[in-house]
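Have a look at the structure below before the remarks.
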Amino acid sequence: MKISAMVRRNRYAPVVLLLFALFLTAGIYSLVAPGSATATQGTSEANVQEGEAIFEANCASCHGPDAAGTDIAPSLTGVGAASVHFQMITGRMPMANNSPQAEVKDVQFTEEQIYDVSAYVATLGPGPAIPSADLVDPAKGDPASGMELFRTNCSMCHNAVGAGGALSEGKVAPSLMDSTPTEIYEAMVTGPQSMPVFNDANITEQGKQDIISYIDHQQNAESIGGNNLGSVGPVVEGMWIWIVGIGGLCLIAVWIGAKKS
């Protein structure tokens with residue numbers, strides 16, 4: 001009884017129990033956590049070494065030789081393979097000039113080289129991985145649910161149908177009409193430039209797949225009413241009515257008046 005009382009009164013007992021609980025929780029999570037967001041290639045040691053060589057030749061001048069960042073470019077430690085893949089596969093990196101945001105342009109590297117660099121950066125610290133094809137399959141999402149999520153979380157910048165829009169300080173939210181499902185998913189989990197990060201606590205994996213399904217629907221939807229005028233909203237439609245519609249009626253009225261005189 002005395003020994004038991006001493007054990008209970010030991011001041012280190014709560015710390016030991018807390019550490020044990022943390023290790024137990026981490027072990028259970030590692031077993032049950034979903035592992036669907038994984039790169040499909042570019043994960044071997046050879047790929048990492050090749051990616052490091054490409055990085056040193058093309059990226060180190062801005063991001064630093066150890067990718068720790070410089071005065072003109074951020075650190076890449078912990079950004080994950082998904083961030084690098086998104087920036088390079090869309091041509092945003094390497095940047096052509098020091099503009100308010102990296103612009104979409106022709107891709108500068110092959111897909112294999114991009115995976116190699118992504119694999120190298122992934123070794124610098126934990127971060128979002130390149131999603132699997134199954135995770136970004138539009139057929140496995142619900143476009144109706146995706147529409148609600150998109151209009152709640154994304155439409156204020158990207159427009160209600162993903163047509164894009166202007167932001168402050170010379171920045172823009174790009175159109176999503178040419179974005180691939182992988183690019184859309186990577187943008188949500190990495191938050192490039194002015195975009196916030198939508199982790200699984202904000203939007204679940206299924207929610208992201210629903211958004212991808214909605215955007216895919218918009219990309220392939222037919223405009224039943226004729227020319228959609230870029231699908232940028234009522235401002236353009238109103239300008240069209242005022243300039244072309246009412247302007248045309250005014251010209252007709254002037255023409256009729258001139259004929260009578």
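The values are calculated or read from the model by the stated rules, or taken from the named source; none is laboratory data. What you see is a predicted model, and the numbers here were worked out from it, not measured in a lab. Every residue, glycine as well, gets a Cβ built from its backbone with ideal geometry; the counts of neighbours run over all protein chains shown. The accessibility values were calculated without ligands, DNA or RNA, using every heavy atom of the protein model including side chains. Shrake-Rupley method; radii C 1.70, N 1.55, O 1.52, S 1.80 Å.
I need the full set of residues from region 61-90 which are without any contact (Cβ under 8 Å) to a residue 12 or more places away in the chain and assigned to a loop (DSSP other than H, G, I, E, B), in order please. GLY64, PRO65, ASP66, ALA68, GLY69, THR70, ASP71, ALA73, PRO74 - these are the residues of region 61-90 that are without any contact (Cβ under 8 Å) to a residue 12 or more places away in the chain and assigned to a loop (DSSP other than H, G, I, E, B). Of all residues in region 182-195, at least one satisfies being part of a helix (DSSP H, G or I), farther than 26 Å from ASN98 by Cα and among the β-branched types (Val, Ile, Thr). Being within 13 Å of GLN113 (Cβ to Cβ), among the hydrophobic types (A, V, I, L, M, F, W, C) and either in contact (Cβ under 8 Å) with a residue 60 or more places away in the chain or open to solvent by 20 Å² or more (accessible area, probe 1.4 Å) (or both) is a property that holds for PHE55.
The residues of region 196-219 that are within 13 Å of GLY146 (Cα to Cα), open to solvent by less than 70 Å² (accessible area, probe 1.4 Å) and either part of a loop (DSSP other than H, G, I, E, B) or not charged (D, E, K, R) (or both), listed by number, are ILE203, GLY207, GLN209, ILE211, ILE212, SER213, TYR214, ILE215, GLN218. Taken across region 107-114, residues that are without any contact (Cβ under 8 Å) to a residue 12 or more places away in the chain and part of a loop (DSSP other than H, G, I, E, B) do occur, with at least one present.
Apart from one condition, ALA129 fits all of (1) under 18 Å from the mean Cα position of the chain (by Cα); (2) not in a loop (DSSP other than H, G, I, E, B); the exception is (2). Of the residues in region 32-43, not one is in a helix (DSSP H, G or I) and at pLDDT 85 or above.
Among the residues of this structure, ASP142 counts as one that is modelled with pLDDT of 95 or more and among the charged types (D, E, K, R). Taking residues in region 193-206 that are closer than 16 Å to GLY127 by Cβ, and partners anywhere that are in a loop (DSSP other than H, G, I, E, B), the pairs with Cβ atoms closer than 7 Å and at least 6 places apart or on different chains are VAL197/GLY191.
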